[in-house]
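**Student:** Have a look at this one before I ask anything.
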There are 2 protein chains.
Amino acid sequence: MGASRPTMVDIARAAGVSTALVSIVMRGVPGASDTTRARVLAVADELGYVPDQRARKLRQRRSRVLGVCFGLRHAFHGDLVEQLYVAAADRGLDLALSATAPGRHETAAAQALLRERPEALILLGPTLSDEALDDLAARVPVVALARSTAANVSAVISDERAGIDAAIAHLVGLGHSDIAHVDGAHAPGSDERRTAFRDAARRANLTGSRVLTGGLTEVDGIRAARELLDGPLLPTAVVAFNDVCAVGVLEELRRSGVAVPGDVSVVGFDDSSIARLAHIDLTTVAQDVPGLASGGVAAAAALASGEPSRRVVLDPHLVVRSTTGPASGHQPGDAT
Amino acid sequence: MGASRPTMVDIARAAGVSTALVSIVMRGVPGASDTTRARVLAVADELGYVPDQRARKLRQRRSRVLGVCFGLRHAFHGDLVEQLYVAAADRGLDLALSATAPGRHETAAAQALLRERPEALILLGPTLSDEALDDLAARVPVVALARSTAANVSAVISDERAGIDAAIAHLVGLGHSDIAHVDGAHAPGSDERRTAFRDAARRANLTGSRVLTGGLTEVDGIRAARELLDGPLLPTAVVAFNDVCAVGVLEELRRSGVAVPGDVSVVGFDDSSIARLAHIDLTTVAQDVPGLASGGVAAAAALASGEPSRRVVLDPHLVVRSTTGPASGHQPGDAT
DNA sequence: ACGTGCTACTAGAACGTACTAGTTGATGAG
DNA sequence: CTCATCAACTAGTACGTTCTAGTAGCACGT
């Protein structure tokens, strides 16, 4: 309690060696005999020595740190960070985390990270404008994860089109031809998915296909479902922009007496934890989280060593759960 | 791209002053004239200078950093971290985040933080044993947030008893007398809540009260609900250990044709995001998140300045939503 | 004896900042 | 005029580590 934490100097003195040798031992690099190594480690352990990361990183030419900006409100980001830890460890890199939240803007989070001198920044689903991304990229290598952008940064993303295609193929295989898409309104990625949906619908000759304005939240899904329910003809399947929106659709349909998947099938996007809830058990398009993470770290490492920015596109896959089933012949007509 | 990031030396040279003065300006402390200050800031901005946090923290006597260990899988931790940022900023403290996840144990996360030389560690709902907490506390001041412990660390927790009492009072006020508690099995806090439930039930003379083994997950709630449904007499209200478990109960009841809150009322605990989902809209006991956060930071700061460990207990409050209502007279008997 | 190569180790200079202990020049009191 | 006071500024060291450039000692071949 009294004295502050021990330093290399304390260990060196106690073990009767130089600080340089302590450094060698602590880093586990060659240059010390086995006996000395053991002795130094024993002393360090006894004194409760922990290397000072700040001094370490300051001295090293490369910081070997990747800054990660993630949203506390996004469960999906949690999954990504988890895998980023794994991917970074594989390359001997450390992660510095900075969270985004209402009240803590992305730029503030990124600025905090810059002070740690990371070799690169990995931004999870950044909402920054291309311009802001470019500004940031002028200061430090930047990787945008799970967000497509025109900015001059590396991007590792899922193939939205492939995801939508998989969903449609699944539904068509079940006999659906009247499929609605509840889009993400102005959310990033919404345009891609909407276009992909329209293209897939055209290709599959889905005469009854249509697109509704949705959004990111459950309420958006509820609103869209109401619109469908109030319309003349209920589709036999709905592909929502994301899981949360899909849940909104799902619950509003059920509340109105429409059976899912009996009358209408529902597909989400993201395979977030909400989709896995036992009572929801949503069929959804899952992004390749480990792939995104390792791709992100790889891209960051590449940028840090001077390579040009790259764009990696990964294939998502469909997770079939219990909200999709064979197309029903009849329409529930006047459901409310 | 070629040259590395600018340092104070570069700014000093460009502005024609000493590095010491640059330091003064960057910290915003008195000791520079307004004109010089403006000039230095202008130069710094132009060169894209960002102070090096590592060097800063290394030099300062106090690091002014709090280490925070949180679980990526726990939405509630996200809420806490969000408020911790606010509380820390109020005191001019920085946060160093280290995440816990399956595959990244709490001790590893804490060890990583230790290398950053934080003034104290704030552990969110730590699952470490009292012994492990004591070990850690021997190296650095430790605050356990939202977890009661016998270890010699500071703790900032919610009054589980008061939370349960509020839930029971609410239900009793609605005319319920046959209330079941689905507990958290071996989860931390489960004992407290179970005991509080039994005490409150006795005090309120709830003859029909009973306790079922539950758990942390939705499946645990589903299992408990099945047990209730298969039993001779359905209670008129259920108080679950947490929100996720409550949702399991809720959905299983509804799936079996039991109306909530028509036939049975359901109360959760935590006010996690799942409780706020539009279609769930769960009545639940909300912890005082901003209070926990500022209490945690205050406790950490106190420990860091040598004060003895403390124990702060905060009152939770009930958030009444739509899963609770007046006790129904009849029993739905053969629901399936 | 001499160099050569190797292992085990060490002295001391960085890294980029904060901070202590000044120095300078202007102002004002006596 | 002298001295104290103050604001504005600077020189130089310290923080705890890594890294460069060594040195000491030993074994070995010639």
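The values are calculated or read from the model by the stated rules, or taken from the named source; none is laboratory data. Just so we're clear, the structure is a prediction, and the values are computed from it rather than from any experiment. Every residue, glycine among them, receives a Cβ derived from its backbone with ideal geometry; neighbour counts consider all protein chains shown. All accessible areas refer to the heavy atoms of the entire protein, side chains included, with ligands and DNA or RNA removed. Shrake-Rupley method; radii C 1.70, N 1.55, O 1.52, S 1.80 Å.
**Student:** Which of the residues spanning the range A:32-59 are surrounded by fewer than 12 Cβ atoms within 10 Å (Cβ to Cβ) and near DNA strand D (Cβ under 8 Å from one of its atoms)?
**Tutor:** Listed by number, the list holds a single entry, A:Arg59.
**Student:** Still on this structure, I have one more. Hey, can you tell me all the residues within the range A:1-42 that are among the basic types (Lys, Arg), farther than 18 Å from B:Arg139 by Cα and more than 10 Å from DNA strand C (Cβ to nearest atom)?
**Tutor:** A:Arg13, A:Arg27
**Student:** Return the residues of the range B:52-86 that are over 29 Å from A:Arg73 (Cβ atoms) and without any contact (Cβ under 8 Å) to a residue 40 or more places away in the chain; say none if nothing qualifies.
**Tutor:** The answer is B:Arg54, B:Ala55, B:Arg56, B:Leu58, B:Arg59, B:Gln60, B:Arg61.
Yes or no, residue by residue, for (1) open to solvent by less than 10 Å² (accessible area, probe 1.4 Å); (2) closer than 27 Å to A:Gly291 by Cβ:
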| position | (1), (2) |
| --- | --- |
| A:Ser154 | yes, yes |
| A:His170 | no, yes |
| A:Gly175 | no, no |
| A:Gly184 | yes, yes |
| A:Ala187 | no, yes |
| A:Phe197 | yes, yes |
| A:Ala200 | yes, yes |
| A:Leu206 | no, no |
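**Student:** Also, I was wondering about something else. Based on this model, can you work out whether A:Val266 counts as within 14 Å of chain B (Cβ to nearest Cβ) and under 21 Å from A:Ala225 (Cα atoms)?
**Tutor:** On the way: within 14 Å of chain B (Cβ to nearest Cβ): yes; under 21 Å from A:Ala225 (Cα atoms): yes.
The answer is yes for A:Val266.
**Student:** For the range B:218-226, indicate whether the set of residues that are under 22 Å from B:Leu314 (Cβ atoms) and within 24 Å of the chain's Cα centre (by Cα) is non-empty. Steps first, answer last, please.
**Tutor:** First pass over the range B:218-226, keeping only residues under 22 Å from B:Leu314 (Cβ atoms): none.
Checked against the condition, which is being under 22 Å from B:Leu314 (Cβ atoms) and within 24 Å of the chain's Cα centre (by Cα), the range B:218-226 yields no hits at all.
**Student:** Is it fair to say B:Leu84 is farther than 29 Å from A:Gly71 by Cβ, facing chain A (nearest Cβ under 10 Å) and part of a helix (DSSP H, G or I)? Working first, answer last.
**Tutor:** On the way: farther than 29 Å from A:Gly71 by Cβ: no; facing chain A (nearest Cβ under 10 Å): yes; part of a helix (DSSP H, G or I): yes.
So B:Leu84 fails the test.
**Student:** Can we say B:Leu21 is surrounded by 18 or more Cβ atoms within 10 Å (Cβ to Cβ), within 11 Å of chain A (Cβ to nearest Cβ) and near DNA strand D (Cβ under 7 Å from one of its atoms)?
**Tutor:** Numbers: surrounded by 18 or more Cβ atoms within 10 Å (Cβ to Cβ): yes; within 11 Å of chain A (Cβ to nearest Cβ): no; near DNA strand D (Cβ under 7 Å from one of its atoms): yes.
It is false that B:Leu21 is surrounded by 18 or more Cβ atoms within 10 Å (Cβ to Cβ), within 11 Å of chain A (Cβ to nearest Cβ) and near DNA strand D (Cβ under 7 Å from one of its atoms).
**Student:** Can you tell me which residue is farthest from the other protein chains (Cβ to nearest Cβ) among those in the range B:235-247 that are over 22 Å from the mean Cα position of the chain (by Cα) and over 12 Å from B:Leu212 (Cβ atoms)? Break it down stepwise before answering.
**Tutor:** Within the range B:235-247, the subset over 22 Å from the mean Cα position of the chain (by Cα) is B:235-238.
Still in the list and also over 12 Å from B:Leu212 (Cβ atoms): B:236-237.
On the way: B:Thr236: 22, B:Ala237: 20 Å.
Once the filter is applied, the top-ranked residue is B:Thr236.
**Student:** Right, here's the next one. Of these, B:Ala99, B:Ala120, B:Ala89, B:Ala110, which one is at the interface with chain A (Cβ under 8 Å from one of its Cβ atoms) and either surrounded by 19 or more Cβ atoms within 10 Å (Cβ to Cβ) or without any contact (Cβ under 8 Å) to a residue 12 or more places away in the chain (or both)? Break it down stepwise before answering.
**Tutor:** Values: B:Ala120 fails: at the interface with chain A (Cβ under 8 Å from one of its Cβ atoms); B:Ala89 fails: at the interface with chain A (Cβ under 8 Å from one of its Cβ atoms); B:Ala110 fails: at the interface with chain A (Cβ under 8 Å from one of its Cβ atoms).
Matching residue, one of B:Ala99, B:Ala120, B:Ala89, B:Ala110: B:Ala99.
**Student:** Does A:Ser305 count as of a type in the set (Ser, Thr, Tyr) and in contact (Cβ under 8 Å) with a residue 12 or more places away in the chain? Even if it seems obvious, please write down each step before you answer.
**Tutor:** Values: of a type in the set (Ser, Thr, Tyr): yes; in contact (Cβ under 8 Å) with a residue 12 or more places away in the chain: no.
Here the answer is no, as A:Ser305 does not meet what is asked.
**Student:** Kindly indicate whether any position in the range A:112-123 is in contact with a His (Cβ under 9 Å, 6 or more places away or on another chain) and in a loop (DSSP other than H, G, I, E, B). Spell out how you get there, then give the answer.
**Tutor:** Step one: list which residues in the range A:112-123 are in contact with a His (Cβ under 9 Å, 6 or more places away or on another chain), which gives none.
Checked against the condition, which is being in contact with a His (Cβ under 9 Å, 6 or more places away or on another chain) and in a loop (DSSP other than H, G, I, E, B), the range A:112-123 yields no hits at all.
**Student:** Which residues, counting only those in the range B:60-83, are open to solvent by 20 Å² or more (accessible area, probe 1.4 Å) and within 14 Å of DNA strand D (Cβ to nearest atom)?
**Tutor:** Residues satisfying the conditions are B:Gln60, B:Arg61, B:Arg62.
**Student:** I'm trying to understand the selection: among the residues of the range B:137-152, which are within 14 Å of another protein chain (Cβ to nearest Cβ), touching a helix residue (DSSP H, G or I) at 6+ places or on another chain (Cβ under 6 Å) and open to solvent by less than 20 Å² (accessible area, probe 1.4 Å)? Lay out the reasoning, then the answer.
**Tutor:** Of the range B:137-152, the ones within 14 Å of another protein chain (Cβ to nearest Cβ) are B:137-142, B:152.
Those still in the list that are touching a helix residue (DSSP H, G or I) at 6+ places or on another chain (Cβ under 6 Å) too: B:141-142, B:152.
The answer is B:Val142, and nothing else.
**Student:** Considering only residues that are open to solvent by less than 20 Å² (accessible area, probe 1.4 Å) and assigned to a loop (DSSP other than H, G, I, E, B), which ones fall in the range B:209-223? Please lay out each step first, then the result.
**Tutor:** Of the residues in the range B:209-223, the ones open to solvent by less than 20 Å² (accessible area, probe 1.4 Å) are B:212, B:214-215, B:218, B:221.
Passing the criteria: B:Gly214, B:Gly215.
**Student:** Which residues, taken from the range B:27-74, are touching a helix residue (DSSP H, G or I) at 6+ places or on another chain (Cβ under 7 Å), assigned to a loop (DSSP other than H, G, I, E, B) and more than 14 Å from chain A (Cβ to nearest Cβ)?
**Tutor:** Those that are touching a helix residue (DSSP H, G or I) at 6+ places or on another chain (Cβ under 7 Å), assigned to a loop (DSSP other than H, G, I, E, B) and more than 14 Å from chain A (Cβ to nearest Cβ): B:Gly31, B:Ala32.
**Student:** Give A:Leu58, A:Leu93, A:Leu66 a once-over and let me know the one that is within 24 Å of B:Arg117 (Cβ to Cβ) and within 16 Å of DNA strand C (Cβ to nearest atom). Working first, answer last.
**Tutor:** On the way: A:Leu93 fails: within 16 Å of DNA strand C (Cβ to nearest atom); A:Leu66 fails: within 16 Å of DNA strand C (Cβ to nearest atom).
The conditions single out A:Leu58.
**Student:** Output the helices (runs of 4 or more DSSP H) that fall wholly within the range B:224-314 and possess 2 or more residues being hydrophobic (A, V, I, L, M, F, W, C) and open to solvent by 20 Å² or more (accessible area, probe 1.4 Å), or say none.
**Tutor:** Numbers: elements: B:243-255, B:273-276, B:289-304.
In the range B:224-314, B:289-304 are the helices (runs of 4 or more DSSP H) which contain 2 or more residues that are hydrophobic (A, V, I, L, M, F, W, C) and open to solvent by 20 Å² or more (accessible area, probe 1.4 Å).
Quick grid of which residues meet (1) in contact (Cβ under 8 Å) with a residue 40 or more places away in the chain; (2) assigned by TED's automatic domain parsing to the domain that holds B:Ser190:
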| position | (1), (2) |
| --- | --- |
| B:Val247 | no, yes |
| B:Ser273 | yes, yes |
| B:Ala278 | no, yes |
| B:Val297 | yes, no |
| B:Thr323 | yes, no |
| B:Ser328 | yes, no |
